[in-house]
1. I want to confirm something. Restricting to the stretch 179-196 and keeping residues that are over 27 Å from residue 229 (Cβ atoms) and touching a residue at least 60 places away in the same chain (Cβ under 8 Å), which single residue is surrounded by the most Cβ atoms within 10 Å (Cβ to Cβ)?
2. Restricting the search to the stretch 92-104, which residues are in contact with a helix residue (DSSP H, G or I) (Cβ under 7 Å, 6 or more places away or on another chain) and either more than 18 Å from residue 224 (Cα to Cα) or surrounded by 20 or more Cβ atoms within 10 Å (Cβ to Cβ) (or both)?
3. Under the condition of being in a helix (DSSP H, G or I) and touching a strand residue (DSSP E or B) at 6+ places or on another chain (Cβ under 9 Å), which residue from the stretch 191-235 is farthest from residue 143 (Cα to Cα)?
4. Can you find, within the stretch 177-190, the residue that is modelled with the highest pLDDT among those that are in a loop (DSSP other than H, G, I, E, B) and more than 15 Å from the chain's Cα centre (by Cα)?
């Protein structure tokens with residue numbers, strides 16, 4: 001057989017072998033990816049089943065009203081009636097570790113005890129009872145519900161007021177009353193929040209501020225803080241809440257949520273901040 005012909009045959013065989021190898025490689029890759037995908041799906045389902053099992057252990061919502069420590073004006077019962085029905089926008093402000101999340105969850109539990117649908121954004125789902133719907137974005141909040149948003153300053157930073165999250169949040173607040181939504185934000189400082197969120201607030205729940213917090217608050221919030229005297233309250237006012245609303249002004253104390261734990265209090269770290 002001529003040398004040139006043998007070279008052509010070997011070249012063809014090499015081409016066929018290379019093609020067969022590439023095909024086998026692609027098949028092996030697809031099989032591997034399929035196996036990984038199936039295992040991931042099974043793991044995800046098992047994880048969700050575990051969360052549902054953990055959530056099912058929580059008792060039903062238990063109503064525990066605020067206890068008034070110092071009344072300045074109004075009626076605390078009128079305030080509680082206002083936030084439990086209709087559409088409202090509220091802010092919880094205060095120093096880090098002052099119990100803002102526990103306060104927000106206590107309100108959420110009181111609302112749920114009245115049979116209104118409640119949602120939470122920024123908490124690990126497995127740390128919540130099954131009567132609180134965990135939502136990841138504003139779009140998932142159903143009409144007619146009361147939603148608690150933890151660390152609003154991180155989710156909707158005023159320095160990113162043109163982000164998709166802020167635009168969506170502003171739109172949601174503008175139509176909140178038409179959709180019968182109530183929204184309650186938790187933030188360490190009002191300066192972290194987009195200004196439209198503050199303009200539409202119906203009430204403020206203010207915990208004792210940190211050392212320099214008042215100096216960096218938005219002007220109106222700073223003036224309100226200047227007029228608040230936390231002295232003479234239990235524990236120096238550390239766990240007292242000043243309510244600023246048309247219905248009531250004064251200091252109140254709240255019990256912890258029935259399902260509260262250190263896991264729930266730190267669960268904001270579980271949130272994936274991907275909706276900017």
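The values are calculated or read from the model by the stated rules, or taken from the named source; none is laboratory data. The model shown is predicted, which means the values in this text are computed figures rather than measured ones. Backbone-built Cβ (ideal geometry, glycine too); neighbour counts: all protein chains shown.
1. Applying the first criterion (over 27 Å from residue 229 (Cβ atoms)) to the stretch 179-196 yields 179-183, 194-196.
Subsequent filtering for residues that are touching a residue at least 60 places away in the same chain (Cβ under 8 Å) retains 179-183.
On the way: 179: 13, 180: 14, 181: 23, 182: 25, 183: 27.
That would be 183.
2. The answer is 92, 93, 94, 101, 102.
3. From the stretch 191-235, those in a helix (DSSP H, G or I) are 191-192, 195-199, 213-216, 219-226, 234-235; that's our starting set.
With touching a strand residue (DSSP E or B) at 6+ places or on another chain (Cβ under 9 Å) added as a condition, the list becomes 192, 197-198, 213, 221, 224-225, 234.
On the way: 192: 27, 197: 19, 198: 21, 213: 35, 221: 30, 224: 32, 225: 33, 234: 39 Å.
If we take residues in the stretch 191-235 being in a helix (DSSP H, G or I) and touching a strand residue (DSSP E or B) at 6+ places or on another chain (Cβ under 9 Å), then 234 is farthest from residue 143 (Cα to Cα).
4. Step by step, filter the stretch 177-190, then rank; the result is 181.
Rundown of residues vs (1) more than 11 Å from residue 121 (Cβ to Cβ); (2) under 11 Å from the mean Cα position of the chain (by Cα); (3) at pLDDT 70 or above, yes/no style:
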position: 145; (1), (2), (3): yes, no, yes
position: 150; (1), (2), (3): no, yes, yes
position: 158; (1), (2), (3): yes, no, no
position: 164; (1), (2), (3): yes, no, no
position: 175; (1), (2), (3): yes, no, yes
